[in-house]
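In what follows, a structure is listed as structure tokens, so that the remarks can point back to it.
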Amino acid sequence: MNDRVTVTIEAGVADVRLVRADKMNALDDAMFNALIETGERMKVEKGVRAVVISGEGRAFCAGLDMGNFQRMGARDPERSAAGRLSKRTNGIANRPQYAAWVWREVPVPVIAAVHGVAFGGGFQVMLGADMRYAAPDTKLSIMEIKWGLVPDMAGTQLLRHLVRDDIVRELTYTGRVFTAEEGQRIGIITRLCADPHAEAMATARDIAGRSPDAIRAAKRLLNTTPFAPIADGLMLESVEQEALGGKPNQIEAVMANLEKRVPNFSD
């Protein structure tokens, strides 16, 4: 627990909350650190079977705290936007990118419960989740263009697998604000809810009651499948074997589903 993100774990569900409510949970350096540290913790936390990430106060996340970053850049040019983006701290990702991408790497399902606003970097953190539950009047925007910035927190790569390419481009080039209702129509929002946090927690508890091995294997498979070749007779056998830990009957069940046939289970 810290002054940016809190975590409560009960019955296999981690309730992760951004708690910089006075700033609408805007992203400053401490918030980036907290998101990454919490995501890394969720990767290895024993007993966690699902995660819900939400924001305290009036909003999920209002995006970058621009005043904070401008002050940092003035004091120390090496910590300016250009300086931070040049350093790859997590594989091919820099710190801001990893604050969103780390939730995709958490091995259990992550649900973002969104209300108020999810702008800019906050929108991209939301996209890192497996699912997004939002109040209908939640306002969303890829807002970086307003500041003359490229939306480079990994969200554009995640968004390309949710909506059409031309929609990604329109939202990126204009930075326009749209509601969660439109977001659901175009494929960004999973479910509209009067109380997103309550419904996300209910779904997380449901997931926590399922087979943890199967859920983790399913997430690994779903994370890999969009990027793996399956045309021209190429199969995903190695992917399924890695995702399912090499258990023959589980692998056979996945392969039979892909090949539209009855599974042939061994004794």
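Worth pointing out:
- Solvent-accessible surface (1.4 angstrom probe) belonging to T89, in square angstrom, nearest 10: 70
- Longest to shortest principal axis, alpha-carbon extents of region 171-223, angstrom: 42, 28, 14
- Separation between Cα centres of region 1-25 and region 148-192, rounded to whole Å: 25
- Working from label points 7 Å from Cα in the Cα-to-Cβ sense, the Y173 to A21 distance is 4.1 nm.
- Heavy atoms of Y98: accessible area, 1.4 Å probe, square angstrom to 10: 10
The values are calculated or read from the model by the stated rules, or taken from the named source; none is laboratory data. Quantities reported herein were computed from a predicted structural model and do not represent experimental measurements. All Cβ positions, glycine included, derive from the backbone under ideal geometry; neighbour counts span all protein chains shown. Surface areas here come from the heavy atoms of the whole protein model, side chains and all, with no ligands, DNA or RNA. Shrake-Rupley method; radii C 1.70, N 1.55, O 1.52, S 1.80 Å.
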